[in-house]
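As structure tokens, the structure follows; a few thoughts come after it.
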Amino acid sequence: MRGQRFSLCLPMQVSPSSDLSGFIRHYLFLNIAGNHSRKLRLFSDGSSGIVLASHQTLFLDALPLPAAFCYGQITEYKEICCQGDARLIIIVFHPHGLYRLLNVPASELNDKIISLSDIFAGVGQALESAVAATDSLSVKLEHIEFYFRKMLSTHHFMGDPLVNTALDLIHRHKGVLTIQQLTDSIGCHSRQLERKFNTAIGLSPKHFCNIVRTLSFVKSLQNAAPKPNLTHCAYDSGYYDQAHLIREFRKITGLTPSQYYKHSEPLAVNLLRL
């Protein structure tokens, strides 16, 4: 174990301006320091987003990631190689944000990495250049919000009220509710809800609930540091026994809860240095 598991600071998290809060959950500023290769484990937090990197030092499946890219929902955990320093700005969307922005079924973008300039043409290139030209975080944010408003002026689609209501219920219950309970609460059939989730979010309602519950467990671990009780954290997060927790946790993160706690370092809630 490399020092205290949760002694590292999480990245700086900044809320968006109110007029952008319907699309953007928050911004993350993340620095990864080091002059050697490191393995990073990335798993789903139920959201898509945009990444702006100061250097092209990130590799997925041995291929370099673009310096500015949009990513869809992550359906399976990924291993990313980081070679050298990396300074990242991550624009984290709400689960349905990318669909509302592009009006493209979210499931079509699952596990895809797309260069920002390929999606937003000149606006994407201008955003990338403007952010790279300053070291000031406040100025970077001003550029991001200026260009994001430009994107919204030509790419904007209304969200589905039923999906919005379902998302609110899932988050309010921390993912601990059945699909039957969910559909009964919002008044629709399970197949209808699944179709709407696949279109707007790219995941099934059940998969999304499991992700929310997993993140609830991770936050419970963090709040219980430095010596969390895994059993208590599991029960608090709605798992009925440790076998259930381990099975679901490994499916989403690729790690057991003990491996996550003892042998990784958190860079963000769903990004770890192994």
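Screening Glu265 with (1) surrounded by 21 or more Cβ atoms within 10 Å (Cβ to Cβ); (2) touching a residue at least 60 places away in the same chain (Cβ under 8 Å) gives one miss only, at (1). Residue check: Thr165 meets all listed conditions (1) outside the structural domain of Ser204 (by TED's automatic domain parsing); (2) among the hydroxyl-bearing types (Ser, Thr, Tyr); (3) not in a loop (DSSP other than H, G, I, E, B) but one, namely (1). Looking across segment 125-141, the residues that are part of a helix (DSSP H, G or I), within 20 Å of Ser17 (Cβ to Cβ) and of a type in the set (Gly, Ala, Ser) come down to Ala126, Ala130, Ser138. If you check Ile74, Ile32 for being among the β-branched types (Val, Ile, Thr) and buried (at least 20 other Cβ atoms within 10 Å of the Cβ), only one passes: Ile74. Tallying residues that are modelled with pLDDT of 90 or more and over 17 Å from the mean Cα position of the chain (by Cα) within segment 19-40 yields 2.
The conditions of being in the same structural domain as Lys150 (by TED's automatic domain parsing), at pLDDT 95 or above and over 15 Å from the mean Cα position of the chain (by Cα) are met by Pro16.
Out of Ile170, Ile211, Ile144, report the one residue that is part of a helix (DSSP H, G or I), in the same structural domain as Ala130 (by TED's automatic domain parsing), of a type in the set (A, V, I, L, M, F, W, C) and at pLDDT 95 or above.
Details: Ile170 fails: in the same structural domain as Ala130 (by TED's automatic domain parsing); Ile211 fails: in the same structural domain as Ala130 (by TED's automatic domain parsing).
Matching residue, one of Ile170, Ile211, Ile144: Ile144.
Within segment 218-269, the residues that satisfy the criterion of being in contact with a Gly (Cβ under 9 Å, 6 or more places away or on another chain) and assigned to a loop (DSSP other than H, G, I, E, B) are Ser237, Gly238.
Does Lys150 satisfy being in the same structural domain as Ile50 (by TED's automatic domain parsing) and either closer than 21 Å to His26 by Cβ or surrounded by 15 or more Cβ atoms within 10 Å (Cβ to Cβ) (or both)?
On the way: in the same structural domain as Ile50 (by TED's automatic domain parsing): yes; either closer than 21 Å to His26 by Cβ or surrounded by 15 or more Cβ atoms within 10 Å (Cβ to Cβ) (or both): yes.
When the stated conditions are applied, Lys150 passes them.
Taking the conditions exactly as written (buried (at least 18 other Cβ atoms within 10 Å of the Cβ) and within 30 Å of His189 (Cβ to Cβ)), does Leu162 satisfy them or not? For Leu162, the condition - buried (at least 18 other Cβ atoms within 10 Å of the Cβ) and within 30 Å of His189 (Cβ to Cβ) - is not met. For segment 25-73, filtering for residues that are over 30 Å from Ala166 (Cβ atoms), among the polar types (S, T, N, Q) and in contact (Cβ under 8 Å) with a residue 24 or more places away in the chain leaves 5. Number of residues in segment 105-131 that are aliphatic (A, V, I, L, M), more than 19 Å from the chain's Cα centre (by Cα) and modelled with pLDDT of 90 or more: the value is 4.
Only one entry in Ala200, Ala243, Ala234 is without any contact (Cβ under 8 Å) to a residue 12 or more places away in the chain, among the aliphatic types (A, V, I, L, M) and not assigned by TED's automatic domain parsing to the domain that holds Leu109, namely Ala243. Residue-level check: of (1) under 25 Å from Lys78 (Cβ atoms); (2) in contact with a helix residue (DSSP H, G or I) (Cβ under 6 Å, 6 or more places away or on another chain); (3) outside the structural domain of Ser18 (by TED's automatic domain parsing), Thr183 misses just (1). In segment 92-101 there is at least one residue matching the filter, namely being in contact (Cβ under 8 Å) with a residue 60 or more places away in the chain and of a type in the set (Gly, Ala, Ser).
The values are calculated or read from the model by the stated rules, or taken from the named source; none is laboratory data. None of the values given here were measured: they were computed from a predicted structure. We place every Cβ from the backbone using ideal geometry, glycine too, and count neighbours over all the protein chains shown.
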